[in-house]
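Working notes, beginning with the structure itself.
Every number in this text was worked out from the coordinates using simple rules, so none of it is lab data. Note that the structure is a prediction, hence the values are computed from the model and not measured. Cβ sites come from the backbone with ideal geometry, for glycine too, and all protein chains shown count toward neighbours.
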Amino acid sequence: MTDCIFCRIAAGAIPADIVYQDDDVVAFRDIHPVAPVHLLIVPRKHVANLLELAGHPDGVSLAQAVLRAVPRVAAAAGVDQTGFRLINNCGEDGGQTISHVHFHLIGGRSLGEKLL
Ligand code: 5GP
Ligand code: ZN
């Protein structure tokens with residue numbers, strides 16, 4: 001078994017609070033939430049980061065699977081009417097700490113502190 005923590009969560013080998021899953025994507029609650037809703041949307045396939053996803057032969061279909069999952073995850077978390085923020089941290093300066101591409105879906109409160 002891989003030592004990638006998100007691969008292990010996607011495989012059900014370690015527990016997570018999963019709110020949505022399909023054949024390509026799993027979404028679960030972040031262990032250190034920064035807002036009432038803080039989910040991670042993760043392709044099941046191990047791809048290290050957004051740049052690698054963009055260059056991957058299956059990258060477009062994986063990105064499409066993530067995009068398709070967004071409204072379903074937002075609805076499952078109860079933020080489809082109120083709005084949310086979707087964030088990808090890529091690489092060292094981007095603050096990425098887990099080398100398996102993922103998208104933070106954050107909401108459940110007004111997110112006033114905008115970076116830009
Ligand atoms: P990054 O910093 O790479 O953009 O985001 C990684 C996120 O994964 C962090 O927000 C961190 O709290 C979360 N995280 C790290 N380990 C685990 C874990 O074992 N389970 C869950 N649910 N989240 C995790
Ligand atoms: Zn992985």
Residue-averaged 222 nm ellipticity for the chain, from DSSP H runs of 4+ at -39500 (n - 2.57), nearest 500: -8500 deg cm²/dmol
Those Cys residues of the chain for which no other cysteine Cβ falls under 4.7 Å: CYS90
Spatial separation of Cα centroids for segment 1-38 and segment 44-78, in angstrom: 13
Most fluctuating residue given options GLN81, GLN64, GLN96, as computed from a GNM of the chain linking Cα atoms under 10 Å: GLN81
Nonlocal amide H pairs with VAL19, under 5 Å, H built at 1.01 Å: ALA27, PHE28, ARG29
Shape call, segment 11-78: gyration tensor on alpha carbons, a/c limit 1.5: prolate
Scaled radius of gyration (Cα, divided by 2.2 N^0.38 Å) that the chain gives: 1.02
For the chain, built as a Gaussian network whose Cα springs stay under 10 Å, the top-fluctuating residue of ARG44, ARG68, ARG29: ARG68
GNM result for the chain, Cα springs below 10 Å: residue of VAL66, VAL42, VAL34 fluctuating most strongly: VAL34
